[in-house]
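For reference, the structure discussed in these notes is given below.
Nothing in this text is a laboratory measurement; each read-out follows from the coordinates by a stated rule. Everything numeric in this text was worked out from a predicted model, so none of it was measured. Don't worry about glycine lacking a Cβ; one is built from the backbone with ideal geometry, like all the others, and counts go over all protein chains shown.
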Amino acid sequence: MTTVYLIRIRNFILFAMLQALVFSRIHLFGYATVYIYLLFLLKLPRHTSCNELLIWGFLLGLTVDMFGNTPGINAAAATVLAFTRNSVLENFIHKGNPDNLKPGVHTISWGGYMGYTIICMLIFNVVLYLLDLFSINYPLPLLISVASSTVLTMLFVVVTECFTRK
């Protein structure tokens with residue numbers, strides 16, 4: 001059990017540092033940003049409790065906020081994603097799958113995993129950019145930011161999944 005948490009802490013630090021030091025500095029055309037740190041939340045096992053997901057999501061978002069000098073928007077958006085993750089995941093897996101299933105293309109299939117990931121990324125990006133703009137008076141920049149960040153993050157998710165082992 002402790003090795004599981006040590007691996008999670010290692011992954012937490014790895015994803016938080018990658019996001020803070022590399023991916024947060026990339027803004028394509030001023031709209032698209034890659035949020036690779038969300039893979040940490042998306043890859044947690046199916047049986048992970050909602051309370052544990054909320055803690056991991058909040059701490060991960062808060063860590064990215066501290067390094068990115070943003071006023072808590074990543075923490076809020078990651079917490080919302082952590083809250084909705086299990087219900088989104090249940091729509092893309094079969095009822096007979098084991099409880100310790102780790103979501104991925106090797107366990108769900110490409111279509112199911114991409115659907116699960118796209119919905120989770122859309123939830124995260126909508127919350128993040130609504131909090132960032134704090135207004136719906138500018139719907140076009142909001143839609144462009146949400147769509148472009150979702151597509152760019154999905155591209156990195158696909159590349160990451162191509163290099164992961166079973």
Inset, instruction - Using only Cα atoms, locate the centre of region 49-87 and the centre of region 103-166, then give the distance between them in Å, rounded to an integer. - result: 15
Legend entry - Positive-end extreme of charge dipole, region 2-162 - chosen from Leu62, Thr3, Ala78 (charges on Cβ): Thr3
Inset, instruction - List, in order, the whole-Hz ³J(HN,Hα) value for each residue of region 122-136 obtained from phi through the Karplus relation with A = 6.51, B = -1.76, C = 1.60 and θ = phi - 60°; use x for Gly and Pro. - result: 5, 4, 4, 5, 5, 5, 4, 6, 5, 5, 5, 7, 6, 6, 10
Inset, instruction - Quick one: grab the alpha carbon gyration tensor of region 41-130, order the square roots of its eigenvalues as a ≥ b ≥ c, and give me rounded if a/c is under 1.5, else prolate or oblate depending on whether a/b is larger than b/c. - result: prolate
Legend entry - Computed Kirkwood radius, in angstrom, where 1/r is averaged over Cα pairs of region 2-162: 15.9
Inset, instruction - Report, in degrees rounded to the nearest 10, the 0 to 90 angle that the Cα long axis of helix 139-162 makes with the longest principal axis of the chain. - result: 30
Inset, instruction - Search the structure for amide H atoms under 5 Å from the amide H of Phe92, placed 1.01 Å from N in the peptide plane, and list their residues when 5 or more places away or on another chain. - result: none
Legend entry - Dipole magnitude (debye, nearest 20) for the chain, charges at Cβ of Lys, Arg, Asp, Glu: 460
Inset, instruction - Compute the acute angle (0 to 90°) between the alpha-carbon long axis of helix 50-68 and the principal axis of greatest extent of the alpha-carbon atoms of the chain; round to the nearest 10°. - result: 40
Legend entry - For the chain, built as a Gaussian network whose Cα springs stay under 10 Å, the top-fluctuating residue of Val64, Val105, Val127: Val105
Inset, instruction - Please turn the phi angles of region 21-35 into ³J(HN,Hα) values with the Karplus equation 6.51 cos²θ - 1.76 cosθ + 1.60 (θ = phi - 60°), one per residue in order, whole Hz, x for glycine and proline. - result: 8, 10, 6, 6, 8, 9, 10, 6, 6, x, 10, 8, 10, 8, 10
